[in-house]
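As structure tokens, the structure follows; a few thoughts come after it.
The values are calculated or read from the model by the stated rules, or taken from the named source; none is laboratory data. Bear in mind that the values here come from a model prediction, so they are computed numbers and not experimental data. Heads up, the Cβs are rebuilt from the backbone with ideal geometry, glycines too, and the neighbour counts pull from every protein chain shown. Surface accessibility is based on the protein's heavy atoms, side chains included, excluding ligands, DNA and RNA. Shrake-Rupley method; radii C 1.70, N 1.55, O 1.52, S 1.80 Å.
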Amino acid sequence: VQLQACGGGLVETGGSLRLTCAATGRWFDSYVMGWFRQAPGKEREFVASINRSGGGRYYAGPVKGRFTISRDNAENTMWLQMNNLEREDTAVYYCAATTADPRWWHTGQTEFWGQGTLVTVSS
């Protein structure tokens, strides 16, 4: 099982980025998928999750209304569309998979992690 995230980069405040997480194997639709992030000097935190079918999506408060998570089970791929980026969004973003409830997904419940992609938002 492997997850590979990409799409990070340097963007100005107010800009947009789209992160992609590609998964290997035929297990993708068996897992809740999501994104976490870790800013310098801070703990890794939940950003967004999406249930197995894609019909349920959940967001952390600071990103609600700006970020959109989506997935395509046929393509074994998940995305995070990030709009109206703020300096506080600067972090390494990790895609992840779990069998936990997507509404209350804590870091310790993660079963698989991707390698992370750096997002830097400048003013």
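Within the assembled protein chains, the solvent-accessible surface assigned to V11 is about 20 Å², based on a 1.4 Å probe.
Ligands, DNA and RNA excluded, the heavy atoms of L10 present near 130 Å² of accessible surface to a 1.4 Å solvent probe.
Taking each pair of different alpha-carbon atoms in segment 75-118 once, compute 1/r for the pair, average those values, and report the inverse of that mean as the Kirkwood hydrodynamic radius in Å to one decimal.
On the way: mean 1/r = 0.0811 Å⁻¹.
About 12.3 Å for segment 75-118.
Extension gain, R103 to S123, is 4.0 nm, computed as 0.36 nm per intervening residue step minus the present C-alpha separation.
Here the scattering of segment 20-123 is modelled by Debye summation over its C-alpha atoms, one equal scatterer each and no solvent; at q = 0.19, 0.20 Å⁻¹ the log10 of I(q)/I(0) is -0.90, -1.00.
Between A60 and E75, the simple label model (points 7 Å from Cα in the Cβ direction) yields a spacing of 2.5 nm. The mean accessible area for residues of segment 31-118, using a 1.4 Å probe and ignoring ligands and nucleic acids, is 49 Å² per residue.
Run through the DSSP bridge list for the chain and note the antiparallel percent, rounded to the nearest 5. Show your work: numbers first, answer last.
Details: 36 of 40 bridges.
Percentage antiparallel, nearest 5: 90.
This model, with +1 at the C-beta of Lys and Arg and -1 at the C-beta of Asp and Glu, gives segment 49-123 a dipole about its Cα centre of some 180 debye. Cα centroids of segment 11-75 and segment 108-123: how far apart, whole angstrom? Cα centres, segment 11-75 to segment 108-123: 9 Å.
Once you keep just the Cα pairs under 8 angstrom separated by 6 or more residues, what percentage relative contact order results for the chain?
About 36 percent, as a whole number.
Surface composition of segment 2-65: carbon plus sulfur atoms contribute 46% of the solvent-accessible area (1.4 Å probe, protein chains only, all chains present).
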